[in-house]
Amino acid sequence: QICNQHNAKAPNLEQAFRRMAQTEPNLDHDVSWFLLPSYWAKMVVAFISFLCFANSYDGDFVFDDSEAIINNKDLRAETPLGDLWHHDFWGSKLSSNTSHKSYRPLTVLTFRVNYLFAGGFYPVGFHVINIILHSTISVLMVDVFSILLGGLQFSSKGRRLNLAPKTSLLAALLFAVHPVHTECVAGIVGRADLLCALFFLLSFLGYCKAFRENKEGHNFSIFWVLVSVILGAIAMLCKEQGITILGLNAVFDALVINKLNVLELIQKLLHKDKSLENGGLLRKGLLFRITLLMSGGASILYIRWRIMGTGPPAFTEVDNPASFADSLFVRAINYNYYYSLNAWLLLCPWWLCFDWSMGCIPLIKSVSDWRIIALAALWFCLIGLICQALCSEDSHKRRILTLGLGFLIIPFLPASNLFFRVGFVIAERVIYLPSIGYCILFTYGFSLLSKQAKKKKILAVAVFGILLINVMRCALRSSQWRSEEQLFRSALPVCPLNAKVHYNVGKNLADKGNQSAAIKYYREAVRLNPKYVHAMNNLGNILKERNELQEAEELLSLAVQIQPDFAAAWMNLGIVQNSLRRFEEAEQSYWTAIKHRKKYPDCYYNLGRLYADLNRHIDALNAWRNATVLKPEHSLAWNNMIILLDNTGNLAQAEAVGREALELIPNDHSLMFSLANVLGKSQKYKESEALFLKAIKANPNAASYHGNLAVLYHRWGNLDLAKKHYEVSLKLDPMAPGTKENYNLLRRKLEQLQKKGS
């Protein structure tokens, strides 16, 4: 409600409350809750929101962080800043067929700043920024909820009044400690949602400022309306949901600024009421402001469309199985079931999971499925709330319920599958913004219960208990997000049917060297999803390393049959076929991999190994050269070139390749070792010695380094140093090939010299 104050003296807060009480009910009146000054309320919210997620500050990069941050070249200084505006969130070109079309350049820019300030991929700085962002958003929620719950009123000096200090504090606390927010805060890629929410709220508050000098709704600031549109555009450049704030601003304008009764308006439109012709809407500028919002939104969407192109994102059936169902009925039923699960996560955020795809939620295929009850309950509640929001005679109730439903539903629309297919079944991060609507409805329900309850303090204690439980749940969930092992294992009891959960647990175990346990989880992933080609590929790799080549070949052959363009599986199949000495098939598999992934240095490296085994030396050198062109830091390819040239007597060429490699990878001790061997054979003993010593300094426990340096000294005539390094080599590896024989030869030579000397 707009306050029309012309007094020279600004009213105090008490007078404002009295005036509100005369016009409409005050939510705070019957609520037994803490009443704190605005500054202290924000401090409390900031502290508690920080407390909830503080234990995630030193967590690792987990799950999607690897692709969005560690493997994202857009974060590195050598990538031009302009590329951020043509790439998606994961660093792929928007024009690529594999791009998910998630256009969030401002979020990626903040990752880049994090990376540059930290001097590398150190997760602490990334996590701290996320925690600070959530705390800032939670503080802003105090102001936002005071407007949504108490209305918009200004003093004569243009200062906004908080007419619902107790309920706005409660709603902000509910938002700050909601466990469903953990993914956004503790998962670094959740920064997209946090930044989007920050500018989303600033856009809303900016829109409210447009009416600071309003007189009876007639005057408003076009400047602040335009600022709101710009902030909405910035929110969208952080994440797609940001654009929805423009629609919510329009709803807020209609309900709060213009006090429209939606049902009454619909009735007038249906009956062609002449009062609509009087231009009531135009007098207060509503249509003009909505036109500005719509024009701004349309312009933003057009610019984005021009940048990203018209091609839809590339998703697979396992990402969102309902969207691939042939039956419209099955799609509709399952979409609605997903909505009910999202609502349940807001109501009872106990079962949380990093991923809800791949069979975690089996499709509903008939009305006899008992889960139909969940979506029936959802629509029963929604229809009841909508009826109250439209038909209630209490304008205060209509306003709060409509705003609550608006903030609950409108930000969720981009994730609803209604306008386009999304790449997930449920994602906890996408209900960060809709939780605002949930907090409004929860707080309003609490105020209604307080009004009816005789023992208000018991009700307040119950709500306080909910907040306390949520704080503990946030702390527990944050600790699970600290490492991939904890995160993946936490999902097993929540989504035991999710093949991706078992896959990720297996991958984590394999990375730690526990292959036996990894095999168990990979097999379960393939059992749950017989078309899970990535699980087949990884399982095939482990079996290949354990020399179980027949089963490895079967799995990899099945993987490329299911997905013929799966380049990694083709390469791994080639490695297995090479091990089985089926060289022609292996060569064909390698070239098929390269056909599907043109820039594939590892495949060229393995192709070179195949050619070396077949004594096709020129082909091997060409393949390894291709690997180093595509990936200049490919140490194994450089090493193999040096060794092959050395073994074939091309010492000058081997030396040239070794020097070229060390210029590109100056700290690689294996390259130093290989080049030192070549220089020793070329009788460049001094330079060879320097490289051997440098390699040993970098890797002092390599027996071969000491053994070959000993050989160099042996040839050079430095017999005492040769003896010393032979002994070090044998101490590190008593079974080192050739070293013991060389050492015995040296000892006999030293004994002969001693006899001659005596």
Item to check | Karplus-derived 3J(HN,Hα), 6.51/-1.76/1.60, for each residue of segment 363-377, Hz, glycine and proline x | outcome: 5, 7, 10, 8, 6, 7, 5, 4, 5, 4, 4, 5, 6, 5, 5
Checklist entry - By what distance, in whole Å, do the Cα atoms of segment 41-173 stretch along each of the three principal axes, largest value first? => result 53, 33, 26
Item to check | Karplus-derived HN-Hα couplings along segment 318-323 (A = 6.51, B = -1.76, C = 1.60, θ = phi - 60°), whole Hz, x at Gly and Pro | outcome: 5, 5, 8, x, 4, 5
Next on the checklist: Nothing charged except the Cβ atoms of Lys and Arg (+1) and of Asp and Glu (-1): what's the magnitude of the dipole of segment 327-453 about its Cα centre? Round to the nearest 20 debye.
Outcome noted: 120 debye
Checklist entry - Given labels modelled 7 Å from the Cα in the Cβ direction, how far is it in nm from residue 687 to residue 269? => result 8.4 nm
Item to check | Which of 198, 559, 490, positive extreme of dipole for the chain (C-beta unit charges) | outcome: 198
Next on the checklist: Compute, for the chain, the length of the dipole vector about the Cα centre, with Cβ point charges of +1 (Lys, Arg) and -1 (Asp, Glu) only. Units Debye, rounded to 20.
Outcome noted: 1540 debye
Checklist outcome for this item: Once the dipole of segment 327-453 is set up from charges on Cβ (+1 Lys and Arg, -1 Asp and Glu), the residue from the list 338, 373, 389 lying farthest towards its positive end is 389
Next on the checklist: Can you tell me how segment 216-270 classifies by the Cα gyration tensor, rounded, prolate or oblate, using a/c under 1.5 as the rounded cut?
Outcome noted: oblate
Next on the checklist: Can you classify segment 34-308 as rounded, prolate or oblate using the Cα gyration tensor, where a ≥ b ≥ c are the square roots of its eigenvalues, rounded means a/c under 1.5, and otherwise it's prolate if a/b beats b/c and oblate if not?
Outcome noted: oblate
Next on the checklist: Using a 10 angstrom Cβ neighbour count of at most 16 plus a DSSP loop assignment to flag exposed GluC sites (Glu not before Pro), which longest range of the chain is free of such sites?
Outcome noted: 394-547
Item to check | Accessible surface of the chain [probe 1.4 Å, protein heavy atoms]: carbon and sulfur percent | outcome: 60 percent
Checklist entry - Fully extended, how many nm does the chain gain between residue 385 and residue 614 (0.36 nm per residue separation, minus their Cα-Cα distance)? => result 75.0 nm
Next on the checklist: So, for the chain, what is the accessible surface per residue at a probe of 1.4 Å, expressed in square angstrom?
Outcome noted: 47 Å²
Checklist entry - residue 483: net charge of surrounding residues, Cβ under 10 Å, Lys/Arg +1, Asp/Glu -1, itself excluded? => result -1
Item to check | Dipole magnitude of segment 340-410, debye to nearest 20 (Cβ charges: Lys/Arg +1, Asp/Glu -1, about Cα centre) | outcome: 80 debye
Checklist entry - If we restrict to alpha carbons, what Rg and Dmax does segment 134-214 come to, in Å? => result 14.0, 45
Checklist entry - Which residues make up the longest stretch of the chain clear of chymotrypsin sites (Phe, Trp or Tyr not before Pro) that lie in a DSSP loop with no more than 10 other Cβ atoms within 10 Å, not counting the sites? => result 1-369
Checklist entry - So what is the relative contact order of the chain, in percent, for Cα pairs below 8 Å that sit 6 or more residues apart? => result 11 percent
Checklist entry - What FRET efficiency comes out for the pair residue 660/residue 752, r = Cβ-Cβ distance, R0 = 56 Å, nearest 0.05? => result 0.85
Item to check | Span from the segment 608-684 Cα centroid across to the segment 356-431 one, whole angstrom | outcome: 61 Å
Next on the checklist: So if I take the alpha carbon set of segment 488-552, get Rg, then get Rh from the Kirkwood formula, what is the Rg over Rh ratio?
Outcome noted: 0.97
Checklist outcome for this item: Diffing segment 411-419: the Karplus 3J(HN,Hα) column from phi (6.51, -1.76, 1.60, θ = phi - 60°), in whole Hz with x for Gly and Pro, holds x, 7, 4, x, 9, 8, 6, 6, 9
Checklist entry - At what distance in nm do the modelled label points of residue 585 and residue 469 sit from each other, each positioned 7 Å from its Cα along Cα→Cβ? => result 5.9 nm
Next on the checklist: From Cα pairs below 8 angstrom and at least 6 apart in sequence, can you work out the relative contact order of segment 61-211, rounded to a whole percent?
Outcome noted: 22 percent
Checklist outcome for this item: If amide H atoms are modeled at 1.01 Å from N in the peptide plane, then the residues at a separation of 5 or more from residue 154, or on another chain, having amide H under 5 Å from its own are 3, 161
Next on the checklist: Based on alpha-carbon atoms only, what is the radius of gyration of segment 327-453 relative to the globular estimate 2.2 N^0.38 Å?
Outcome noted: 1.14
Checklist outcome for this item: Reduced to Cα centres, the span from segment 329-345 to segment 713-758 in Å works out to 76 Å
Item to check | Per residue, the convex hull volume that the Cα atoms of the chain enclose (Å³) | outcome: 211 Å³
Item to check | Net charge over other residues, Cβ less than 13 angstrom from the Cβ of residue 329 (K, R count +1; D, E count -1) | outcome: 0
Next on the checklist: Just to confirm a number: summing +1 for Lys and Arg and -1 for Asp and Glu over residues other than residue 238 whose beta-carbon lies under 10 angstrom from that of residue 238, what do you get?
Outcome noted: +1
Item to check | Potential lengthening between residue 326 and residue 456 on full extension [0.36 nm per residue; Cα-Cα distance subtracted] | outcome: 41.5 nm
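The values are calculated or read from the model by the stated rules, or taken from the named source; none is laboratory data. In this text, all values refer to a predicted model and were calculated from it rather than measured experimentally. No Cβ is skipped: glycine too gets one built from the backbone with ideal geometry, and neighbour counts run over all protein chains shown. Only protein heavy atoms, including side chains, enter the accessible area calculation; ligands, DNA and RNA are left aside. Shrake-Rupley method; radii C 1.70, N 1.55, O 1.52, S 1.80 Å.
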